[in-house]
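Visitor: Please see the structure below; I have some questions.
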Amino acid sequence: MKFIDEVKIFAKAGDGGNGIVAWLREKFMPQGGPAGGDGGNGGNVVFVANPNIHSLLDLRFQPKILAENGEDGGKKNQFGHAGADKVINLPVGTQVFDEDTNELITDLSEVGQEVVICRGGKGGWGNNRFATASRQSPDYAYSGRPGDQRNLRLSLKLMADVGLLGFPNAGKSTLLSVISAARPKIADYPFTTLVPNLGVVRRPGGKHFVVADVPGLIEGASEGHGLGFRFLKHLERVRILCHLIEPEGDLIARYETIRNELTKFSDLLISLPELIVISKSDTVTESEQKASIKDFEKYLKKAGKSCVLMSAATKEGLESLLTQLGAAVFEAQTPDNS
Ligand SMILES: Nc1nc2c(ncn2[C@@H]2O[C@H](COP(=O)(O)OP(=O)(O)OP(=O)(O)O)[C@@H](O)[C@H]2O)c(=O)[nH]1
Ligand SMILES: [Mg+2]
């Protein structure tokens, strides 16, 4: 399915039905009074966070969301039917902005969360409502009120616990494919991953966490190089970043390049806890490891950081990596559970 994480739509709730002017004229009631019924209320536009939806794609095909209008009132004091609500299912993690004011209207971050985005107009009163002792034949009724309408921008930020990031080809998608049931595309050329992928990692004791794999970053991503910053927003809600670095060459330079790009993206992203992973450990011999990785480890140590070595191919270091990620995620989930 195509992954779409930004859409603009127009939403309008239903207008209230008009109240009407009518008179009761029945065979044995020559003096029949006002009997115009009220209009029905217009339907609301309601957004619901649905865990089975993963993209805003559907809305690309329905840029106008309209709830039903209320019916006009009827003769003999009959109420008009209320208009049906228009319920739109959206991915969990969708933020809804007013496109004209840029105000964040709601953040659908909880499964099943339901928000009325546009309220339907109230139905107007029919003339029967206006009858009083001194005004027995009111010949007027109210029109229904218009339903709310607004231009909206929907922006999906995936809800994951762990965010994989690094240069293209670092092995992010391969890692996701060995730790979860996700089957992202994997290849030995850069920018294989074009949109984010999610995978669920199952841990002992029935626990699980969600990992997001986003397209690789390169130097100048902030200026739009490569796929740019386009998908980094999906990492803003993770609990821990998992930064993958290939074992060859200047690891320090590559680590710093990615960190610099994150700094340019947001204060939030750069301040998240990180786990640094040297990937593809099977591709370097032990003596090579000593040479290329030692300097990097020293550099990290100075900054009070450390890294783990891992191979998605041989699974070396994988369990330890998952344990550390799990610890970071579950600790954050149950802070009092010490
Ligand atoms: N030997 C070895 N090769 C690996 C390992 N992990 C990944 N690779 C290979 O490295 C290449 C890139 O892997 P991907 O998982 O597609 O890399 P990526 O980081 O998702 O790349 P982008 O999607 O382009 O950002 C593929 O040819 C993988 O088979 C590993 O642990 N060992
Ligand atoms: Mg990939």
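Visitor: Which count do you get for residues in region 252-311 that are over 33 Å from the mean Cα position of the chain (by Cα) and either small (Gly, Ala, Ser) or assigned to a helix (DSSP H, G or I) (or both)?
Guide: Residues of region 252-311 that are over 33 Å from the mean Cα position of the chain (by Cα), as a first pass: 252-253, 281-304.
With the extra rule that they be either small (Gly, Ala, Ser) or assigned to a helix (DSSP H, G or I) (or both), the set shrinks to 252-253, 281-283, 286-304.
So the count comes out to 24.
Visitor: Checking the structure you have, find out if any residue of region 51-65 is surrounded by 15 or more Cβ atoms within 10 Å (Cβ to Cβ), touching a Gly at 6+ places or on another chain (Cβ under 8 Å) and part of a strand (DSSP E or B).
Guide: No, because not a single residue in region 51-65 is surrounded by 15 or more Cβ atoms within 10 Å (Cβ to Cβ), touching a Gly at 6+ places or on another chain (Cβ under 8 Å) and part of a strand (DSSP E or B).
Visitor: Residues in region 233-250: is at least one buried (at least 22 other Cβ atoms within 10 Å of the Cβ), over 22 Å from Leu300 (Cβ atoms) and either hydroxyl-bearing (Ser, Thr, Tyr) or not assigned by TED's automatic domain parsing to the domain that holds Thr94 (or both)?
Guide: Yes, because at least one residue in region 233-250 is buried (at least 22 other Cβ atoms within 10 Å of the Cβ), over 22 Å from Leu300 (Cβ atoms) and either hydroxyl-bearing (Ser, Thr, Tyr) or not assigned by TED's automatic domain parsing to the domain that holds Thr94 (or both).
Visitor: Could we say that Arg254 is within 14 Å of ligand 1 (Cβ to nearest atom), out of contact with any helix residue (DSSP H, G or I) (no Cβ under 8 Å at 6 or more places or on another chain), among the basic types (Lys, Arg) and open to solvent by 60 Å² or more (accessible area, probe 1.4 Å) here?
Guide: no
Visitor: Please find, among Gly40, Gly14, Gly70, Gly32, the residue that is among the small types (Gly, Ala, Ser), over 28 Å from Asn197 (Cα atoms), modelled with pLDDT under 95 and part of a loop (DSSP other than H, G, I, E, B). Break it down stepwise before answering.
Guide: On the way: Gly40 fails: modelled with pLDDT under 95; Gly14 fails: modelled with pLDDT under 95; Gly70 fails: modelled with pLDDT under 95.
Unique residue meeting the criteria: Gly32.
Visitor: List every residue pair whose Cβ atoms lie under 7 Å apart, where the two residues are 6 or more positions apart in sequence or sit on different chains, the first residue falls within region 305-321 and is at negative phi and open to solvent by less than 30 Å² (accessible area, probe 1.4 Å), and the second residue, located anywhere, is within 16 Å of ligand 2 (Cβ to nearest atom) and basic (Lys, Arg).
Guide: As it stands, the answer is Ser311/Lys280, since those pairs meet every condition given.
Visitor: Further, regarding this structure: Is it true that Gly224 is open to solvent by less than 70 Å² (accessible area, probe 1.4 Å) and at positive phi?
Guide: For Gly224, the condition - open to solvent by less than 70 Å² (accessible area, probe 1.4 Å) and at positive phi - is met.
Visitor: Looking only at residues in region 199-221 that are open to solvent by 40 Å² or more (accessible area, probe 1.4 Å) and without any contact (Cβ under 8 Å) to a residue 60 or more places away in the chain, which one is nearest to ligand 2 (Cβ to nearest atom)?
Guide: Filtering region 199-221 for residues open to solvent by 40 Å² or more (accessible area, probe 1.4 Å) gives 200, 202, 204-208, 218-219.
Right, trim to without any contact (Cβ under 8 Å) to a residue 60 or more places away in the chain and you get 200, 202, 204-206, 208, 218-219.
Numbers: Val200: 18, Arg202: 21, Pro204: 27, Gly205: 30, Gly206: 29, His208: 22, Ile218: 13, Glu219: 18 Å.
By that ranking, first place goes to Ile218.
Visitor: Check region 309-321 and report whether any residue there is more than 15 Å from ligand 1 (Cβ to nearest atom) and hydrophobic (A, V, I, L, M, F, W, C).
Guide: Within region 309-321, the subset more than 15 Å from ligand 1 (Cβ to nearest atom) is none.
No, region 309-321 contains no residue that is more than 15 Å from ligand 1 (Cβ to nearest atom) and hydrophobic (A, V, I, L, M, F, W, C).
Visitor: Assuming Thr257 fulfils every condition listed in (1) within 15 Å of Ala170 (Cα to Cα); (2) within 16 Å of ligand 2 (Cβ to nearest atom) apart from one, which condition is it?
Guide: (2)
Visitor: Same structure, new question: Among the residues that make up region 115-126, is at least one of them open to solvent by less than 40 Å² (accessible area, probe 1.4 Å) and of a type in the set (Val, Ile, Thr)?
Guide: Here is the first cut: in region 115-126, the residues open to solvent by less than 40 Å² (accessible area, probe 1.4 Å) are 115, 117-118, 120-121, 123-124, 126.
The next check asks that each one be of a type in the set (Val, Ile, Thr); those that pass are 115, 117.
Looking for residues that are open to solvent by less than 40 Å² (accessible area, probe 1.4 Å) and of a type in the set (Val, Ile, Thr), one finds at least one in region 115-126, hence yes.
Visitor: While we're on this one: Failed condition for Gly249, given (1) assigned to a helix (DSSP H, G or I); (2) farther than 30 Å from Asp5 by Cα; (3) away from ligand 1 (no atom under 14 Å from the Cβ), with all others met?
Guide: (1)
One line per residue, one yes/no per condition, for (1) more than 12 Å from ligand 2 (Cβ to nearest atom); (2) among the basic types (Lys, Arg):
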| residue | (1), (2) |
| --- | --- |
| Arg145 | yes, yes |
| Leu158 | yes, no |
| Asp161 | yes, no |
| Ser177 | no, no |
| Ala182 | no, no |
| Asp188 | no, no |
| Phe191 | no, no |
| Leu194 | no, no |
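The values are calculated or read from the model by the stated rules, or taken from the named source; none is laboratory data. What you see is a predicted model, and the numbers here were worked out from it, not measured in a lab. With ideal geometry, Cβ positions are generated from the backbone for all residues, glycine too; neighbour counts draw on all protein chains shown. Side chains are part of the model used for accessible areas, which takes the heavy atoms of the whole protein and leaves out ligands, DNA and RNA. Shrake-Rupley method; radii C 1.70, N 1.55, O 1.52, S 1.80 Å.
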